[in-house]
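*Asks:* Here you go, one structure.
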Amino acid sequence: MINTFAGNLGHFATILAFVSAVVTAFSYYKYTVASELEKPNWRNFSRILFYIHSIASVTIAISLFEIIYSHRFEYFYAYSHSSIALPVHYMISSFWEGQEGAFILWIFWNVVLGLVVIHTNKSWEGPVMIVFALVQAFLVSMILGVVIGDLKIGSSPFILLRDAISAPIFQMNPDFVPEDGTGLNPLLQNIWMVIHPPTLFLGYASTLVPFAFLMAGLASKRYSEWIRPALPWAIFSAMILGMGIIMGAYWAYVTLNFGGYWNWDPVENAVYVPWLIMVAGIHTMITFKKSSTALKTSIVLIIASFILVLYATFLVRSGVLGDSSVHSFTDLGLSGQLLIYLLFFLAVAIFLSVRAWKYIPTSDKEASVYSREFWIFIGATTLSLMAFQVILPTSIPVWNAIVESFGGISNMAPPTDQVGFYTKFQLWFAVVLALLTAVGQFFWWNKMDGKTLKDTLVMPYIISVLIAALIIVLGKVYNVSYIVVVLAGSFTIVANATILFKLLKKSTFKLAGGSLAHIGLGMILIGVMFSSGYSETISYNLSGLTYKNSFEDEINKEHVLLWINKPTQIKDYTAIYRGRQKKVVGVPGLVESKILKKAEGVNHAIALKDIVVDGKTYHREGEFVQIVLEENNYYKIDYYQEDQLAFSLSPMAQYNTSMGLISSPDSKRYLNKDLYTFVSVINDLEDPEWNKDEVFEVSPNDTFFISDMVTKFESADVVKELDGMQLFDGDVAVKAKLTIQDYDVEKVLEPIFIIRNNQVGRVPIIDDELGIKIELTNILPEENKFVFTVNSTQKDYVILKAIVKPQINILWAGTIIMLIGFCVAIYRRYDEFSKMRDKGLE
Amino acid sequence: MKKGHILGLGIIAIAIVIIVSMLGDASTYESFATAKEMKVKGEDKAIHVVGQLKKGISGEVEGIEVNENKTSFYFMMIDNDGTEQKVFYNEPVPADFHRSEQVVVIGAYKSEEIFMADKILMKCPSKYQETEVNTAGM
C-alpha cells in the first residue's frame, strides 16, 4: 500500500520553510528599521518566525529520512538511493546521495548556524538574519518541486515513483510498490562518506556567516566593525572546509582507485578554491584588526569566498561539467535557479560595496617592506593567485557553454595531465607561501628592521638547512625542485616552532593558532612531496615479458596478473592471490567465500565449515550467517618476503551493473610508507567457458595431470550418508577422493556416483578457484578402474596494481596540526568578540 | 614608481603567465583525421576524441584484442566523423567497456596506424535509461 503521509508532510514542511524564510527576512527588515520602542516586538516576532522555519526545515529532513529508513520504495528518492540490504549508517549516506538530500543538509546547517548567530549577537542579529533568511529562501526553493506553467521551481525529493517514472507497470497497477530499491552507489558505502558530506556542507554553510556580517556591516554603515564578529566565523569556516577537504582526500585514498588522495578533479577544485580565498580573507582581516589596513581587500575576499561556494555548487550540480568529472551529477534542471541564486547575491554584494566604497577607511601610508602588513598582503595575494590558477581551467566547460550559447564553437578541453598541470604551479606557490609564513610570523610578533630581521632569522635558517639536509640524505631526495620543497617546508616548520616556543614561554597557548597552522602547512608540503613525488608503482609486469617488437615494449605495464596460488614477483615481494573473502556480521576480519554457501534472501548464507578466528568459534558448520553487503568481494593477497609471509591485504571489488567494476584499495600501513594495492580486473565466475571433455581412466593411487596440476586419485569408497542428499535402501553411492596440488595448496575434491533403481546419477564437483569440473562418470569394477570426465576453464585470477607511497603519514599529521591551529585561533577570536560584546560595544 | 605599482604589475604578470599556460596546456576535442594532421605537423599534444566502439551487424563489439597478460588491449573506435581507428590502451579492459554508448579517448597518435589512449572516459547506459522523469505537479 502506498504511504503518502511522509511525502505530504515533507512537501508541506518544504513549502512552510520557504514561506517562513521569506517572511522572516521581511520581519527582520522591519525590526532593523523600527523605532527603539517597537524593536523588541519585531525582534520576538522575527525570532518566532525563524524558529518556525527551523522546525519546518528539520521536519523536511526527518520526513526524508523516514522514507529511506522505512524502505518506502513507492518514493522515487528511496527507490533510487537505497535498498533493503543497506545497514543503517549507510542509509544516512543514502540521504545525501541525491542532490535534494544534499540541499536539505545545507538548509539544516544554515538553520543551526542561524540559531547560534541569534543567540550570540546583540546589535548584529537583525541585518545578519535578513541575509540568512534570504539564503534559506533560495536554498529551500531548490527542493520546492512546484510547477507553474512551464516553469519548474526546484526538484522535490518527495515525489512518488509512479510520478517520476513512466513505467508500464503503473498503468496496470498504480499502487505498485517495488520490492527493493536500486541501492546506494557502492563508492559511497564507506564510513567516511557518512561524515564527509555533513562536514563539507557545514563548511559551505559557514561561509555564509562572515558574508552575512559583511553585508550587515555595509548596509548599516558599520564599515569596519563587522570584522570582529565575523573573524571567528571566518576561521571556523576555513577550519571546517579544510577538514571537509581532508576527509574527502582521505576517502578518495581509502576507497577510490585512482591511486592517490588528490586528483585535481573539478569537484575537488571547487572546494579547494573557496577555501584558499577564505584563508586569504582571514589573513587580511587579522591584519586589519592590528593596523587598519587591508579592509577593502578583506571585503572583496569574503564576498569572493561566499560567491565561489555558490559557483562551485553550480559547477558540480548543473551538469555543465559533463564528461570532465568522475563525480557524476545529473542535471535536475536546477542550473538556472542556481545561477539566479548566485547572481542575486553577487549583485547585492557589489551594489552594497560600491555604495560604501568611498566611505571605507583606507590607510594612505605605503606599507614598508619591513612591515608585517606588507608580507601578509603578499601572502594573501599568493593564495588568491593559487585560487585563480585552479578555477580558470576548471571553468573550461563553462567557457565552452558560454561560447556555444552565443552560437560560437569552442572545442577546448581540460588539460589531459591534470595532476602535472596543476602541480607545476601549486607546488611553487606553496613553496612561496611556506617561506612567507616563516618570515611573516617573525614580523608579526616583533618590530623589525633589516638588521634585527637578519639576526632573528639566522638561527632558524641554519637549523632548518641542517634538518633539510638530513631529510634529503635519508630520504634520497635528489631532484632539485624537491630539494627546494624540503628546504621551504623545514624552514617554515623551524621558524614557526621557534615562535611557538617563545609564545608558550611568554604568554598563553591562545595565541599559538597561527604558528601551529603554519607548522602544519610545512608538514603537508613535505608529506605531499614524498608521497606524490616519490610514489612508485611496484606492480610492473616482471613475469616473462613477451616482446612484440613494437612500441608496446617501451611502455611499462603498470598492472600485474596474479593467478590463484601462483607466486608472482612484485619488486621486493612475492605476491600470491589466495581467493575471495566476504565480511560476515559479528565475525572480526574476513571469511573465505568458499566456506560460505549462498542462501535464499539478501545477504544470507550458510557456513560450510566452522568459522573460527583466533581460536574462537563464531559459527558452526551448517549455521546461518549474515553477510555485510554480499556483492562485495575481498581478494586476499599474501605478500611474502624472503619466503616468509610478511602480511596479507584484501582489496575490495564488486561488479555493479550500472557502474562497472567498483574497486577499493587496501593498504599496508607502515610508519614511513604505505603499500597501496587495488584490484583493476576481476574474473567473472558466472558462465565460465568450459573446455571440451578430458577423460581419465585411473586406478586408486594413480597420479595424473589436470591443467598442469598434479592430481592423485586417493581412493573411492561406498558411502552410507551424503551431505545434502537423501539415500534410500538399495542405493549405492560411491565417493571418489582426489587430491590436487596447485603450487603450495592441496585441495581435496570428492565427486559422487550413485546407482538408484538401475539408474546412474553423477554429482560433479566444480572448483571455481582452480577452474575445473570433475565428474566420476563410470566405474569399471573388473579392471579396478574409475573413469573421470574433466572440464577445465581458466583459473581464478585478479589483476592488481600496487603503489608505494612514502611518508604519507607526515601529510596526515600535518593536516591534523593545521586543524588544531585553526581551532586555537577560533577560540582566541571568539573570546575577543564575546568580551567586547559583553561590554556592550557590539 | 611606487612599490604598490610594482607589486600590481608583478601580479598581472603572474596572472598572464597562468592564463597563457592554461591556453597552452588545454587540450582540444578533435577527430581522428585532425589528430593525424597534428601528428604529421609534429604536435604531440594529447587530445580528446569522441566516438563509439565498432559494432558488428548484430550489435556485438568488434575488434577488441586483449594482450596475453590481460593488462593492456587494442580496440576499434569510430569517431563522430565516421573514421575508424585502432586504439591501444595500456590498462586492463575496463568493466562494462563493451556496453559503453560513447567513449572519449584522450591521447595521441603513436605511429601511423595506432592511436594510443592515456585515458578513456565512457558513458554507459544508466539504470534509468528507458524511463523518463516527470515533474510532480501540485
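The values are calculated or read from the model by the stated rules, or taken from the named source; none is laboratory data. Note that this is a predicted model, so its numbers are computed, not measured. Reconstructed Cβ throughout: ideal geometry from the backbone, glycine too, with neighbour counts over all protein chains shown.
*Asks:* Given the conditions (1) in contact (Cβ under 8 Å) with a residue 40 or more places away in the chain; (2) surrounded by fewer than 16 Cβ atoms within 10 Å (Cβ to Cβ), and given that B:Gly63 satisfies all but one, which numbered condition is not satisfied?
*Replies:* Going through the list (1) in contact (Cβ under 8 Å) with a residue 40 or more places away in the chain; (2) surrounded by fewer than 16 Cβ atoms within 10 Å (Cβ to Cβ), B:Gly63 breaks only (1).
*Asks:* Further question on the same structure: Grab the strands (runs of 3 or more DSSP E) fully contained in segment B:73-128, keeping just those with 2 or more residues being at the interface with chain A (Cβ under 9 Å from one of its Cβ atoms), in contact (Cβ under 8 Å) with a residue 60 or more places away in the chain and closer than 30 Å to A:Ala653 by Cα. Walk me through how you get there before you give the answer.
*Replies:* Details: elements: B:73-79, B:84-89, B:102-109, B:114-123.
Per the criteria, B:102-109.
*Asks:* Could you tell me how many of the residues in segment A:598-635 are of a type outside the set (Asp, Glu) and under 25 Å from A:Leu184 (Cα atoms)?
*Replies:* Residues in segment A:598-635 being of a type outside the set (Asp, Glu) and under 25 Å from A:Leu184 (Cα atoms): 16 in total.
Condition check ((1) modelled with pLDDT of 85 or more; (2) surrounded by fewer than 18 Cβ atoms within 10 Å (Cβ to Cβ); (3) in a helix (DSSP H, G or I); (4) polar (S, T, N, Q)) across all residues:
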| residue | (1), (2), (3), (4) |
| --- | --- |
| A:Leu346 | yes, yes, yes, no |
| A:Phe351 | yes, yes, yes, no |
| A:Lys358 | yes, yes, yes, no |
| A:Thr362 | no, yes, no, yes |
| A:Glu366 | no, yes, no, no |
| A:Val369 | no, yes, no, no |
| A:Ile376 | yes, no, yes, no |
| A:Leu385 | yes, no, yes, no |
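*Asks:* Further question: Among A:Ser663, A:Ser680, A:Ser667, which is within 27 Å of A:Val585 (Cα to Cα) and in contact with a His (Cβ under 8 Å, 6 or more places away or on another chain)?
*Replies:* A:Ser680
*Asks:* A further question follows. Tell me the residue from A:Leu500, A:Leu487 that is closer than 16 Å to A:Gly533 by Cα, free of Cβ contacts under 8 Å to residues at least 24 places away in the same chain and in a helix (DSSP H, G or I), please.
*Replies:* Exactly one of A:Leu500, A:Leu487 is closer than 16 Å to A:Gly533 by Cα, free of Cβ contacts under 8 Å to residues at least 24 places away in the same chain and in a helix (DSSP H, G or I), namely A:Leu487.
*Asks:* A further question follows. Are any of the residues in segment A:93-106 polar (S, T, N, Q), under 21 Å from A:Tyr204 (Cβ atoms) and within 14 Å of chain B (Cβ to nearest Cβ)?
*Replies:* Quick first cut of segment A:93-106, residues polar (S, T, N, Q) only: A:93-94, A:99.
Right, trim to under 21 Å from A:Tyr204 (Cβ atoms) and you get A:93-94, A:99.
Adding the requirement that they be within 14 Å of chain B (Cβ to nearest Cβ) leaves A:99.
Yes - at least one qualifying residue is present in segment A:93-106.
*Asks:* Do any helices (runs of 4 or more DSSP H) lying entirely in segment A:145-211 carry at least 2 residues that are surrounded by fewer than 22 Cβ atoms within 10 Å (Cβ to Cβ) and free of Cβ contacts under 8 Å to residues at least 24 places away in the same chain, and which ones are they?
*Replies:* Of the helices (runs of 4 or more DSSP H) lying wholly inside segment A:145-211, those with at least 2 residues that are surrounded by fewer than 22 Cβ atoms within 10 Å (Cβ to Cβ) and free of Cβ contacts under 8 Å to residues at least 24 places away in the same chain span A:169-172.
Residue-by-condition table, conditions (1) within 14 Å of chain B (Cβ to nearest Cβ); (2) modelled with pLDDT under 90:
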position: A:Leu629; (1), (2): no, yes
position: A:Met659; (1), (2): yes, yes
position: A:Pro665; (1), (2): no, yes
position: A:Asp687; (1), (2): no, yes
position: A:Phe696; (1), (2): no, no
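*Asks:* When the residues of segment B:19-43 are filtered to those that are under 25 Å from B:Pro94 (Cβ atoms) and within 14 Å of another protein chain (Cβ to nearest Cβ), which remaining residue is modelled with the highest pLDDT?
*Replies:* Among residues in segment B:19-43 that are under 25 Å from B:Pro94 (Cβ atoms) and within 14 Å of another protein chain (Cβ to nearest Cβ), the one modelled with the highest pLDDT is B:Ser31.
*Asks:* Inside segment A:597-615, can you point out the residues that are farther than 15 Å from A:Asn632 by Cα, part of a loop (DSSP other than H, G, I, E, B) and in contact with a strand residue (DSSP E or B) (Cβ under 8 Å, 6 or more places away or on another chain)?
*Replies:* Listed by number, the residues that qualify are A:Ala599, A:Leu608, A:Asp610.
*Asks:* Let me ask you something else. Need the failing condition index for A:Ser93 against (1) surrounded by 23 or more Cβ atoms within 10 Å (Cβ to Cβ); (2) modelled with pLDDT of 90 or more, just the number.
*Replies:* (2)
*Asks:* A further question on this structure: Kindly indicate which of A:Asn691, A:Asn683, A:Asn656 is touching a residue at least 24 places away in the same chain (Cβ under 8 Å), over 30 Å from A:Ile471 (Cα atoms), in contact with a helix residue (DSSP H, G or I) (Cβ under 6 Å, 6 or more places away or on another chain) and surrounded by 15 or more Cβ atoms within 10 Å (Cβ to Cβ).
*Replies:* Values: A:Asn691 fails: in contact with a helix residue (DSSP H, G or I) (Cβ under 6 Å, 6 or more places away or on another chain); A:Asn683 fails: in contact with a helix residue (DSSP H, G or I) (Cβ under 6 Å, 6 or more places away or on another chain).
After applying the criteria, what remains is A:Asn656.
*Asks:* Related question: Hey, could you check segment A:791-825 for residues that are surrounded by fewer than 22 Cβ atoms within 10 Å (Cβ to Cβ) and aromatic (Phe, Trp, Tyr) and say which is nearest to A:Gly242 (Cα to Cα)?
*Replies:* A:Trp812
*Asks:* A further question follows. Scan A:Ala219, A:Ala212, A:Ala252, A:Ala167 and give me the residue that is in contact with a Ser or Thr (Cβ under 9 Å, 6 or more places away or on another chain) and assigned by TED's automatic domain parsing to the domain that holds A:Ile307.
*Replies:* Among A:Ala219, A:Ala212, A:Ala252, A:Ala167, only A:Ala219 is in contact with a Ser or Thr (Cβ under 9 Å, 6 or more places away or on another chain) and assigned by TED's automatic domain parsing to the domain that holds A:Ile307.
*Asks:* Another question, if that's okay. Under 8 Å between Cβ atoms, at least 6 apart or on separate chains: pull out the pairs that start in segment A:283-294 with a residue that is free of Cβ contacts under 8 Å to residues at least 12 places away in the same chain and end on any residue that is of a type in the set (Asp, Glu) and part of a helix (DSSP H, G or I).
*Replies:* Between residues of segment A:283-294 that are free of Cβ contacts under 8 Å to residues at least 12 places away in the same chain and residues that are of a type in the set (Asp, Glu) and part of a helix (DSSP H, G or I), there is no close pair.
*Asks:* Looking at (1) of a type in the set (S, T, N, Q); (2) within 12 Å of chain A (Cβ to nearest Cβ); (3) closer than 21 Å to B:Leu121 by Cβ, can you tell me which one B:Gln52 breaks?
*Replies:* In the conditions (1) of a type in the set (S, T, N, Q); (2) within 12 Å of chain A (Cβ to nearest Cβ); (3) closer than 21 Å to B:Leu121 by Cβ, B:Gln52 misses (2) alone.
*Asks:* Also, I was wondering about something else. Looking only at segment B:79-103, filter to residues that are surrounded by fewer than 19 Cβ atoms within 10 Å (Cβ to Cβ) and under 13 Å from the mean Cα position of the chain (by Cα); which one of those is nearest to B:Val49 (Cα to Cα)?
*Replies:* B:Asn80
*Asks:* Of the residues A:Thr711, A:Thr703, which single one is touching a Phe, Trp or Tyr at 6+ places or on another chain (Cβ under 7 Å), modelled with pLDDT of 90 or more and over 30 Å from A:Asp572 (Cβ atoms)?
*Replies:* A:Thr711
*Asks:* Considering segment B:1-37 alone, what residues qualify as being assigned to a helix (DSSP H, G or I), surrounded by 15 or more Cβ atoms within 10 Å (Cβ to Cβ) and either in contact (Cβ under 8 Å) with a residue 40 or more places away in the chain or of a type in the set (Asp, Glu) (or both)?
*Replies:* B:Asp25, B:Phe32, B:Ala35, B:Lys36
*Asks:* Using beta carbons and a limit of 6 Å, which pairs, at least six apart or on different chains, have the first residue in segment A:99-127 and at positive phi and the second one outside any helix (DSSP H, G or I)?
*Replies:* From segment A:99-127, no pairs qualify.
*Asks:* Does B:Val40 meet the test of being surrounded by fewer than 13 Cβ atoms within 10 Å (Cβ to Cβ) and either assigned by TED's automatic domain parsing to the domain that holds B:Ile114 or not hydroxyl-bearing (Ser, Thr, Tyr) (or both)?
*Replies:* Taking the combined requirement at face value, the residue satisfies it.
Residue by residue, here is whether (1) in a helix (DSSP H, G or I); (2) in contact with a Ser or Thr (Cβ under 7 Å, 6 or more places away or on another chain) holds:
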{"position": "A:Tyr90", "(1), (2)": "yes, no"}
{"position": "A:Ile107", "(1), (2)": "yes, yes"}
{"position": "A:Val111", "(1), (2)": "yes, yes"}
{"position": "A:Gly114", "(1), (2)": "yes, no"}
{"position": "A:Val117", "(1), (2)": "yes, no"}
{"position": "A:Ser123", "(1), (2)": "no, no"}
{"position": "A:Phe132", "(1), (2)": "yes, no"}
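*Asks:* Do we have A:Gly126 as closer than 29 Å to A:Ala34 by Cα, touching a Lys or Arg at 6+ places or on another chain (Cβ under 8 Å) and away from chain B (no Cβ under 14 Å) here?
*Replies:* Yes, satisfied.
*Asks:* A further question follows. Looking at (1) surrounded by 14 or more Cβ atoms within 10 Å (Cβ to Cβ); (2) assigned by TED's automatic domain parsing to the domain that holds A:Leu218, find the lone condition where A:Gln426 falls short.
*Replies:* A:Gln426 satisfies all of (1) surrounded by 14 or more Cβ atoms within 10 Å (Cβ to Cβ); (2) assigned by TED's automatic domain parsing to the domain that holds A:Leu218 except (2).
*Asks:* Is segment A:412-435 home to any residue that is more than 9 Å from chain B (Cβ to nearest Cβ) and part of a loop (DSSP other than H, G, I, E, B)?
*Replies:* No, segment A:412-435 has no match at all.
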